[in-house]
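What follows is a short report on a single structure.
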Amino acid sequence: MAPDPSVLGSNLVLGPLALIGFIVAALGYAAKEYRKAREQRVEDAVAQRDQEREDHSTERRRLEQERDDARADAVAIDQKLDEANDQIRDLKENEMRKSDAMFARLVRAREMLVERGVLPEDLP
């Protein structure tokens, strides 16, 4: 039995059309997968950028806190230094007053000895 020539012609036309349809479908699927992959890369890049911003922000806040703590420590040290300098000044003034009082007593004692007849050359 011989094949029907009308079916044979339609098979010759439908075969390449089917192949073209398959290629178009495959290209459409590949394009869809490419878009999904590209969207995922973009989302990953955005997430990474956001994470880097957050890390940078966290680091900046940590450094600002350390700076503020260092400034507070410096102020506290300056206050303690001022207090220590005030104490040293007060001690010096107190010692000077004591020394002046002791010298005044020695001068007065010397004068009393001279009044009682001790010669100044005999005194130390």
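The values are calculated or read from the model by the stated rules, or taken from the named source; none is laboratory data. Every value quoted in this text rests on a predicted model; they were computed, and no experiment measured them. FYI the Cβ positions are ideal-geometry reconstructions off the backbone, even for glycines, and counts take in every protein chain you see. Note: accessible area is taken over every heavy atom of the protein model, side chains too, but ligands, DNA and RNA are not part of it. Shrake-Rupley method; radii C 1.70, N 1.55, O 1.52, S 1.80 Å.
Here is a list of conditions, (1) open to solvent by 100 Å² or more (accessible area, probe 1.4 Å); (2) within 27 Å of the chain's Cα centre (by Cα), and Ala70 meets all of them except one; can you say which number that is?
(1)
Residue check, Leu106 against (1) assigned to a helix (DSSP H, G or I); (2) open to solvent by less than 100 Å² (accessible area, probe 1.4 Å); (3) not aromatic (Phe, Trp, Tyr), all met but one. Which one?
Unmet for Leu106, out of (1) assigned to a helix (DSSP H, G or I); (2) open to solvent by less than 100 Å² (accessible area, probe 1.4 Å); (3) not aromatic (Phe, Trp, Tyr): (2).
Need pairs with beta-carbon distance below 7 Å; first residue in contact (Cβ under 8 Å) with a residue 40 or more places away in the chain and within the stretch 23-43, second in a helix (DSSP H, G or I) and among the β-branched types (Val, Ile, Thr); sequence gap 6+ or separate chains.
Listed pairs, sorted by first residue: none to list.
Working carefully through the options Glu111, Glu66, find the one that is part of a helix (DSSP H, G or I) and modelled with pLDDT of 95 or more. Steps first, answer last, please.
Details: Glu111 fails: modelled with pLDDT of 95 or more.
That would be Glu66, the only listed residue that is part of a helix (DSSP H, G or I) and modelled with pLDDT of 95 or more.
Going residue by residue through the stretch 13-21, is there one that turns out to be of a type outside the set (A, V, I, L, M) and open to solvent by 90 Å² or more (accessible area, probe 1.4 Å)? So that I can check it myself, show each step before the final result.
Looking only at the stretch 13-21, we keep the residues that are of a type outside the set (A, V, I, L, M), and these are 15-16, 21.
Now restrict to residues that are open to solvent by 90 Å² or more (accessible area, probe 1.4 Å): none.
There is no residue in the stretch 13-21 that is of a type outside the set (A, V, I, L, M) and open to solvent by 90 Å² or more (accessible area, probe 1.4 Å).
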